[in-house]
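One structure below.
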Amino acid sequence: WITTVIKPAGPVLVVHYLRLKGSATAGLVYTPEFSSTPDIMGGWSTATGPETVEFIDSDWERVTVEDAASPFLASRFARLRVSLTP
């Protein structure tokens with residue numbers, strides 16, 4: 001899910017998602033991305049903001065990633081790209 005958190009510097013876009021533990025060995029790659037335009041074909045940047053990982057159980061963890069862009073941009077969009085690497 002995607003939320004906005006109000007910080008002293010202004011609102012920050014945040015992506016929260018569940019990640020299967022050991023997903024890298026299974027070939028799953030989770031990539032949170034942010035953009036200033038909703039263009040699905042381009043303009044997306046891999047998240048560089050702080051990432052927090054919370055334990056859920058032996059199989060799952062909750063990941064939270066903040067947008068590192070300025071909170072004063074007119075609009076921001078977020079998505080989670082999940083890909084399978086053979």
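The values are calculated or read from the model by the stated rules, or taken from the named source; none is laboratory data. Since the model is a prediction, treat every value here as computed from it, not as a measurement. Quick reminder, even Gly has a Cβ in these numbers, built from the backbone with ideal geometry, and neighbours come from all protein chains shown. For the accessible areas, the whole protein counts, side chains as well, though only heavy atoms, and no ligand, DNA or RNA atoms are used. Shrake-Rupley method; radii C 1.70, N 1.55, O 1.52, S 1.80 Å.
The table below gives the values:
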{"quantity": "Candidate set from segment 60-69 (those that are without any contact (Cβ under 8 Å) to a residue 60 or more places away in the chain and closer than 23 Å to A9 by Cβ); member that is farthest from the chain's Cα centre (by Cα)", "calculated": "A69"}
{"quantity": "Filter result (surrounded by fewer than 15 Cβ atoms within 10 Å (Cβ to Cβ) and of a type in the set (K, R)) within segment 6-29", "calculated": "K7"}
{"quantity": "Filtered residue count, segment 43-70, keeping only those that are in a loop (DSSP other than H, G, I, E, B), more than 21 Å from L84 (Cα to Cα) and open to solvent by 40 Å² or more (accessible area, probe 1.4 Å)", "calculated": "8"}
{"quantity": "Residues within segment 18-59 that are among the aliphatic types (A, V, I, L, M) and under 16 Å from the mean Cα position of the chain (by Cα), tallied", "calculated": "7"}
{"quantity": "Top-ranked residue of segment 26-42 - restricted to ones that are touching a Ser or Thr at 6+ places or on another chain (Cβ under 8 Å) and under 26 Å from P86 (Cα atoms), ranked as modelled with the lowest pLDDT", "calculated": "G27"}
{"quantity": "Where a residue in segment 5-26 is more than 16 Å from D67 (Cβ to Cβ) and its partner, wherever it lies, is assigned to a strand (DSSP E or B) and open to solvent by 80 Å² or more (accessible area, probe 1.4 Å), with Cβ under 6 Å and at least six apart", "calculated": "L18/W60"}
{"quantity": "Pairs where the first residue, in segment 31-59, is of a type in the set (A, V, I, L, M) and the second is open to solvent by 80 Å² or more (accessible area, probe 1.4 Å) and outside any strand (DSSP E or B), C-beta under 6 Å, 6+ apart", "calculated": "none"}
